[in-house]
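The values are calculated or read from the model by the stated rules, or taken from the named source; none is laboratory data. All values reported here derive from a predicted model rather than from experimental measurement. Glycine gets a Cβ as well: all are built from the backbone with ideal geometry, and neighbour counts include every protein chain shown.
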Amino acid sequence: MNAESKQKLVRYLKYCIAGGIGAVIDFSLFTIFVKFFQINYLIANIFSISVALILVYYLQKNWTFQYQIKEKTKTFQRYLLSVALIYLFNNGILVILVQVLRFEVIHSKVIQIVLSTVVGYILTNYFVFVKKDEMPDNNDDHYTTIG
């Protein structure tokens, strides 16, 4: 395995660990809201995902991608856009699983978390924390990664 492949593998593993922490928080809060407080599963999803995504953003920025800002950036805006897309994807999956396929809500949440991990990695790696020379418009953001 060459150095670039090893670096990508390590970054993906870090992404999964940080995402796993977020998934535990998301799932725990979701379960508490749905089972103990009897909150609608789509409303519960808004709250649980919001808390988890804020934490995961900081873990991904500072640990996984070791993102260092040199100038004012639009990174957080790109992150928020990706979060909005992931949120729509997440709720779409939940609606399909719960209302169309009649899966149990908690089991549906587990499936949704697994599927959103893949979508989230793609958006985060190729849209939010991209290398300067890979960015669509090099004039908007400037940063480096450590390592």
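So the values come out like this:
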{"item": "Residue check for N90: exposed (fewer than 14 other Cβ atoms within 10 Å of the Cβ) and at pLDDT below 95", "result": "no"}
{"item": "Considering residues of the range 1-44 that are more than 23 Å from I86 (Cα to Cα) and small (G, A, S) only, the residue farthest from the chain's Cα centre (by Cα)", "result": "A3"}
{"item": "Some residue of the range 59-68 being charged (D, E, K, R), more than 19 Å from V114 (Cβ to Cβ) and either surrounded by 14 or more Cβ atoms within 10 Å (Cβ to Cβ) or at pLDDT 90 or above (or both)", "result": "yes"}
{"item": "Per-region count, the range 99-116, residues surrounded by fewer than 17 Cβ atoms within 10 Å (Cβ to Cβ), of a type outside the set (A, V, I, L, M, F, W, C) and in a helix (DSSP H, G or I)", "result": "2"}
{"item": "Residue list for the range 29-42, filter: over 14 Å from L55 (Cα atoms) and either surrounded by fewer than 19 Cβ atoms within 10 Å (Cβ to Cβ) or of a type in the set (S, T, Y) (or both)", "result": "T31, I32, K35, F36, F37, Q38, I39, N40, Y41, L42"}
{"item": "Long-range neighbours under 8 Å by Cβ, at least six apart or interchain, first residue in contact (Cβ under 8 Å) with a residue 60 or more places away in the chain within the range 74-98, second among the acidic types (D, E)", "result": "K74/D140; K74/D141; T75/D141"}
